[in-house]
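One structure is given here, and the rest of the page talks about it.
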Amino acid sequence: INAEYMGLFPLLPLSAMVQRVTYRRRHSYATRSNKTKVVKTPGGKLTVLYRKKVAKGPKCGGCGGTLPGIPHLRPIEYSRLSKTQKTVSRAYGGNQCGKCVRERIVRSFMIEEQKNVKRLLKEKKKAE
């Protein structure tokens, strides 16, 4: 091999020369549900491990933030949990965050207060 040829094509590092791997299942497209990771087995062979989808976790119905105290799991995994692990022991436990529940309670209280004030003013006006 002459020097000009070596200058045009420098040697590739060994890490660039990798063994090819194939999918182990019948699903042959690189989709979100078919994510893989290449690992080396104890026998020195490269093989494919399938990755699970990342769970987003439940969101608050009011503000849309993630609910604290509830694990982020895939839907089928929630069916294997007990009720205490899927909720928080509070009103609207597994549905809304504490901040939104507090706002809801305060809003309800203020509406009731406003109704009472209106009623009192009406009675006062009637008395005059």
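The values are calculated or read from the model by the stated rules, or taken from the named source; none is laboratory data. Everything numeric in this text was worked out from a predicted model, so none of it was measured. Counting neighbours? That spans all protein chains shown, and the Cβs are built from the backbone with ideal geometry, glycine included. The area values use the complete protein model at the heavy-atom level, side chains included, leaving out ligands, DNA and RNA. Shrake-Rupley method; radii C 1.70, N 1.55, O 1.52, S 1.80 Å.
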Report task. Could you tell me which residue of region 77-94 is nearest to Pro58 (Cα to Cα), considering only residues that are open to solvent by 90 Å² or more (accessible area, probe 1.4 Å) and of a type in the set (D, E, K, R)? Result -> Lys83
Query raised in the report: List, please: which pairs have Cβ atoms under 8 Å, are six or more places apart or on different chains, and start with a residue in region 46-58 that is of a type in the set (Ser, Thr, Tyr) and end with one that is surrounded by 11 or more Cβ atoms within 10 Å (Cβ to Cβ) and part of a strand (DSSP E or B)?
Result: Thr47/Val38; Thr47/Val39; Tyr50/Thr36
Report task. Determine which single condition Thr36 fails, assuming it passes every other condition in (1) at positive phi; (2) surrounded by 12 or more Cβ atoms within 10 Å (Cβ to Cβ). Result -> (1)
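What's the total number of residues in region 50-77 that are over 30 Å from Arg24 (Cα atoms) and aliphatic (A, V, I, L, M)?
2
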Report task. Please work out if Val54 is of a type in the set (A, V, I, L, M), open to solvent by 90 Å² or more (accessible area, probe 1.4 Å) and part of a loop (DSSP other than H, G, I, E, B). Result -> yes
Requested in this report: Would you tally the residues in region 15-33 being at pLDDT below 90 and either touching a Lys or Arg at 6+ places or on another chain (Cβ under 7 Å) or open to solvent by 100 Å² or more (accessible area, probe 1.4 Å) (or both)?
Outcome: 3
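Could you list, in sequence order, all residues of region 95-128 that are of a type in the set (D, E, K, R), farther than 30 Å from Lys83 by Cβ, in a helix (DSSP H, G or I) and open to solvent by 100 Å² or more (accessible area, probe 1.4 Å)?
As a first pass, look at region 95-128 and keep what is of a type in the set (D, E, K, R): 99, 102-104, 107, 112-113, 115, 118-119, 122-126, 128.
Retained after the next criterion (residues that are farther than 30 Å from Lys83 by Cβ): 112-113, 115, 118-119, 122-126, 128.
If we keep only those that are in a helix (DSSP H, G or I) as well, we get 112-113, 115, 118-119, 122-126.
Within region 95-128, Lys115, Lys118, Arg119, Lys122, Lys124, Lys125, Lys126 meet the criteria.
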Report task. Report the residue count in region 62-76 for those that are more than 10 Å from the chain's Cα centre (by Cα) and loosely packed, with under 13 Cβ neighbours inside 10 Å. Result -> 6
